[in-house]
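Okay, structure first, notes after.
The values are calculated or read from the model by the stated rules, or taken from the named source; none is laboratory data. No experiment lies behind these values; they were computed from the predicted model shown. Methodologically, a virtual Cβ is constructed for each residue, glycine included, from the backbone with ideal geometry; neighbour enumeration extends over all protein chains shown. In case anyone asks, the SASA skips ligands and DNA or RNA and just uses the protein heavy atoms, side chains included. Shrake-Rupley method; radii C 1.70, N 1.55, O 1.52, S 1.80 Å.
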Amino acid sequence: MTTRRDFLKNSGYLVVGISAIAHADSAIAQADGALAGAQGAAAAQGGGPYPDLDFRQLDSWIVIRPDSTATFHVGKTDLGQGTGTAFRQMMADELDIAYDRTSLVMGSTDVTVDQGGSGGSDAIQTDGWPMRRVAAEARRVLLELASASLGVPVAQLAVSEGVISVAANPSRRVTYGELIGGKRFNVTLSGNNTDATTGVAKVKDVQQLKIVGQSPQRYDIPAKVDGTLKWAVDAKVPGMLHARNVKPPVAGATLVSIDESSVRSLPGFVKVVSKGNYVAVVFEREEQAIRGARQLKVNWQKPATAPFPNSEDLYTYMRRATPTSSAAPNVVGNPDTAFAGAATVIEAEYEVPFQGHTSIGPAHAMADPSNDQMTIYSNDMKSYGLRNGVAQFLQMPRDRVRVVWMEGPQAYGRTAADDAGFEAAYLAKELGRPVRLQWMRDEETAWDTKGPAFTVKMRGGLDAQGHLVALDYDARAADYNHLGYNEYDTVLISQLMGTRRAQPARGGAGNPSEMYAIPNRRMTSHVVSLPLIWETPLRTGNLRDPNGPQQTFASESFIDELAAAANADPVEFRMRLLTAATTDDSGFKRARSIACVKAAADAFKWDARPSPKRRDSGNILTGRGIAYSYRSQTVVAQIAEVEVNRRTGHVWVKRIVCAHDCGLVINPEGLRRTVEGGMLYTLSRALHEEVKFDGEKVTSVDWVSHPTLTHADAPASIEVVIVNGDPNPNRPDLPHYGAGETVCKPLIAAVANAIYDATGVRLRRVPFRDARVLAALKTAGV
């Protein structure tokens with residue numbers, strides 16, 4: 001049997017378009033899964049160069065072998081949600097080849113085109129289209145080759161599972177492998193950028209798709225279950241050293257001196273590396289590096305002023321601070337006049353703390369500087385940005401830097417994986433040897449990038465009939481220095497070294513996403529800055545659906561408060577706000593919003609009544625709450641059922657129902673698991689997660705001081721209703737939209753609304769930890 005490595009060595013096809021056999025080995029190791037072990041890949045790297053693949057070449061995307069199997073090369077990363085399986089389904093369908101005859105290479109910068117990596121739920125919605133188009137073009141080219149081979153016009157040919165036959169005489173046939181196996185397509189595509197890549201062929205109509213809409217077993221699961229998968233944390237190469245960072249003990253501290261003699265005599269000692277306020281120790285073995293980091297004596301000078309308030313005073317600080325930036329108000333109608341004429345005016349304020357990624361596996365990376373190049377083994381979800389940023393940071397040519405993407409725990413936003421990749425690469429270049437760097441648990445929880453804290457003021461006006469006639473939304477976010485991905489002058493090592501940019505990147509608070517028809521509304525948002533901008537553990541960046549959960553917690557909690565004031569059922573109140581008809585795109589999305597809210601209520605068997613319910617007797621109080629939102633073109637409505645323990649304040653979310661419309665569904669089972677995972681993640685943010693700090697450092701640094709969702713907290717039932725349609729039967733079928741991030745937006749509000757329904761107590765500060773809930777119940781006399 002011809003192996004992938006033999007195929008690439010013996011054929012004219014090379015994924016990266018160069019002639020180095022050793023580099024072909026790297027490409028094939030990629031196709032065999034996570035480099036067939038990082039050690040083998042490093043030995044095969046060959047030293048580059050690693051030029052960008054031309055996305056306009058069909059050969060950059062698809063390989064056909066003599067045995068008629070195919071490998072797809074895509075510039076995305078799978079963050080554990082099964083998007084790789086979905087990519088294979090879409091491309092196999094367009095190519096007309098069986099799913100199990102395909103494999104996938106993704107994320108590594110030297111063997112895939114740059115599609116930007118993952119982020120923004122764009123994998124299926126945006127990047128799936130060029131994948132489909134190039135596969136459709138490959139099918140078109142193969143049909144033309146078959147037409148020439150069989151002497152029959154293309155219109156008289158049929159194709160199925162990699163075999164092209166004469167429709168009138170199926171015995172006359174030729175396989176994909178016989179047509180092009182071991183050869184290049186040599187077909188140039190068009191398009192101004194990767195997302196626009198296309199050929200001559202058109203993608204199939206949805207009715208022609210056979211693999212899309214099915215749920216084949218995810219190819220990545222077996223190796224994860226049996227332990228054979230090579231994760232990024234497992235990457236090893238000969239001669240590899242181990243490093244650990246030594247962070248400043250308080251934010252903004254300045255390095256005064258290092259006593260290297262405190263660790264020089266330890267076994268395996270290699271070097272203490274420092275520049276500016278960045279300090280790391282390097283040893284031969286990992287346990288030696290851990291010991292060295294703990295034992296190194298460093299003299300630091302605290303800053304003259306406090307870098308930030310303590311967490312208990314955070315919201316007071318945010319309300320009093322002068323905004324560093326404010327977005328232009330979004331005003332509809334005349335809110336002031338409407339409020340003046342309202343029969344009832346309701347006001348409330350909501351608070352969401354800094355929340356971190358706190359990945360269960362701390363950030364890590366391994367960098368190898370062999371042969372005057374730099375190879376970084378990382379699970380960074382934006383490997384192409386990591387490559388570009390490291391090249392700038394180390395002042396190396398881009399074609400001497402590559403990132404080998406491997407699976408790992410750091411995902412869903414701007415995580416510390418970015419930082420670890422830069423740190424490993426810097427240390428490797430300094431020492432001239434491969435270096436594996438990993439953060440410690442307390443370092444990960446304290447110093448990873450945080451989602452910004454929010455305070456939101458809401459005001460609503462109801463008329464005498466209980467209709468919402470005016471709404472004010474005013475948000476503040478502690479988000480002045482919002483970090484981008486893999487920016488060479490904002491990663492933590494750059495900040496600590498003092499090589500940061502002159503001006504920070506300002507973030508934003510934004511507005512909630514819903515389709516309510518409110519005749520008069522005003523939405524304003526502001527950014528406030530903490531005293532310390534650089535070298536702080538309270539550095540902000542994208543956390544899954546960056547500001548959506550914060551915004552939606554406030555807006556959807558307040559919609560429930562308005563419904564209660566109007567003595568209206570929460571579902572009926574929302575449906576009333578969604579029923580305004582319009583023919584523009586917002587009306588199209590509003591119709592889908594109505595369908596989702598209705599589908600969730602029907603699946604839950606919602607009983608129409610105002611909240612709160614009549615209070616239960618005994619210590620366990622039960623209730624249900626709904627919330628709804630959208631992101632881009634994906635619409636979600638969620639209902640949570642809770643039990644609240646009157647004696648302890650403990651909240652158990654017993655059941656969740658989620659109605660989800662993301663258009664054309666590629667893999668229904670994969671979608672359900674993605675939605676379930678996203679809701680469990682958000683449930684952890686609702687019930688547990690909060691970054692605590694004392695005015696100079698983060699104090700929530702482990703699983704005790706920073707708890708997260710456990711199996712004991714998991715709901716007994718999670719039901720996902722896939723709403724894949726529209727009330728208009730003449731509407732063309734929807735395209736495929738993003739799925740993952742939208743589910744994070746409404747759930748915190750749904751839980752808060754359910755707690756109110758159960759207890760009659762409104763919780764306006766996240767998270768809903770036992771002590772906070774119990775205190776609120778006691779204050780209300782429940």
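Laid out as a table, the results:
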{"quantity": "Sequence-separation-based contact order of segment 367-500, relative, with Cα cut under 8 Å and 6+ spacing, percent", "calculated": "26 percent"}
{"quantity": "Total charge dipole magnitude, segment 78-230, about the Cα centre, Cβ charges on Lys, Arg, Asp, Glu only, Debye to nearest 20", "calculated": "440 debye"}
{"quantity": "Relative packing of peptides 118-127, 692-701 - highest average C-beta neighbours within 10 Å first", "calculated": "118-127, 692-701"}
{"quantity": "Sequence-distant residues sharing a close amide H with R646 (under 5 Å, placed H)", "calculated": "I620, L621"}
{"quantity": "Segment 284-339 and segment 731-782: distance between their alpha carbon centers, rounded to Å", "calculated": "24 Å"}
{"quantity": "Full-extension gain in nm, S160 to T228, via 0.36 nm per residue minus C-alpha separation", "calculated": "21.1 nm"}
{"quantity": "For L241, distant residues with modelled amide H under 5 Å away", "calculated": "V435, R436"}
{"quantity": "Candidate residues H706, H650: accessible-area rank, largest first, probe 1.4 Å", "calculated": "H650, H706"}
{"quantity": "Solvent-accessible heavy-atom area per residue, rounded to whole Å², over segment 548-779 at 1.4 Å", "calculated": "35 Å²"}
{"quantity": "Rounded to whole Hz, the Karplus (6.51, -1.76, 1.60) HN-Hα couplings of segment 633-638, x for glycine and proline", "calculated": "10, 9, 10, 9, 10, 10"}
{"quantity": "Antiparallel content of DSSP bridges confined to the chain, in %, to 5", "calculated": "75 percent"}
{"quantity": "Relative contact order (percent, whole number), the chain, Cα cutoff 8 Å, 6+ residue spacing", "calculated": "13 percent"}
{"quantity": "Protection-proxy order for peptides 268-279, 315-326, 756-767, 210-221, each taking the mean of Cβ atoms within 10 Å per residue, highest first", "calculated": "756-767, 268-279, 210-221, 315-326"}
{"quantity": "FRET efficiency estimate (nearest 0.05) - Cβ-Cβ, T648 to A505, R0 51 angstrom", "calculated": "0.75"}
{"quantity": "Protein accessible area in the chain, 1.4 Å probe - carbon and sulfur %", "calculated": "49 percent"}
{"quantity": "Solvent-accessible surface (1.4 angstrom probe) belonging to K230, in square angstrom, nearest 10", "calculated": "100 Å²"}
{"quantity": "54 Å tail of the calculated P(r), the chain, as % of Cα pairs", "calculated": "14 percent"}
{"quantity": "Per residue solvent-accessible surface (Å²) - segment 327-435, probe of 1.4 Å", "calculated": "31 Å²"}
{"quantity": "Listed pairs K236/K302; K224/K697; K605/K745; K247/K382; K297/K450 exceeding 27 Å between Cα atoms", "calculated": "K236/K302; K224/K697; K297/K450"}
{"quantity": "Per residue accessible area of segment 142-227, 1.4 Å probe, in Å²", "calculated": "58 Å²"}
{"quantity": "Signed unit charges on C-beta, dipole axis of the chain, positive-most listed residue A464, G484, Q208", "calculated": "A464"}
{"quantity": "Value at 222 nm in deg cm²/dmol, rounded to 500, when DSSP H runs of n ≥ 4 in the chain each add -39,500 (n - 2.57)", "calculated": "-9000 deg cm²/dmol"}
{"quantity": "Cα-Cα pairs of segment 548-779 separated by more than 27 Å (percent)", "calculated": "33 percent"}
{"quantity": "Residue-wise HN-Hα coupling along segment 251-257, computed from phi with Karplus coefficients 6.51, -1.76, 1.60 (Hz; x: Gly, Pro)", "calculated": "5, x, 5, 10, 5, 9, 7"}
